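Please read the structure below before turning to the comments.
Just so it is clear, none of the values below were taken in a lab; they were calculated from the coordinates. Computed from a predicted structure; not experimentally measured. Positions of Cβ are backbone-derived with ideal geometry, glycine not excepted, and every protein chain shown enters the neighbour counts.
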Ligand code: PAF
């Protein structure tokens, strides 16, 4: 399987394949789970050349402990990609390759998409995401890039970035564990008990969806907070309902608008996020 780590190796591989368009890219931070594998399979089916990048991007972590504890399993990741197809090119750059001038983050004008929810609770996070994704797009030059809907706010932001760079962004619905918990690399840090309890996040989103037409947004938010407060081990970072097109959080509904619920919960220092379309 082609595995490239330097820009020179990447250029060499790109030159060898320049006749074979289109190119698909699945950017990841490794510790691949079924959600990533679905994106990679999709990219492989839809493109002549598929790149998977594995890079734990330090500039998108607002919390050093979260970065230090981020799981890593490069050999297993390579085996999983190889099992999909040995022709997939894996790009595993060093921090110096991505940030040759030091880990500097650019400031982006993201039409307010970066302000609520994750943006409010993790200052600088989306500038870090946009910086690394722009760098990966520039280096790899894909036609299409694939992202999961679990990080829905990130998806909207990278779609905007993709638009400005002439790169299509495709998304794939969240893949869930059997109990409904959204798949995430961070889940492997959960104890079996917490992993089971964490199904509450999905249940809460489903409950909000089922009750969306019969309750006001203020009621839904209050009830969600109350339901979560019953589980001592879970600390709610936020529960918000936002308009789907611009992700602005709202306290009342308007006819003809699409809404989505967003939640972030911390359990045993592990931050879990999820979201669900409501109408
Ligand atoms: O979703 C992720 O894994 C990361 O935020 C991404 C898009 C690979 C950028 O580091």
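If you find the alpha carbon centre of the stretch 1-62 and of the stretch 108-124, how far apart are they in angstrom? Rounded to whole Å, the Cα centres lie 26 Å apart. This ranking places 262, 51 by how few other beta-carbon atoms lie within 10 Å of each, fewest first, which gives 262, 51.
Over the chain, DSSP H runs of length four or greater, each weighted -39,500 (n - 2.57), average out per residue to a 222 nm ellipticity of -11500 deg cm²/dmol.
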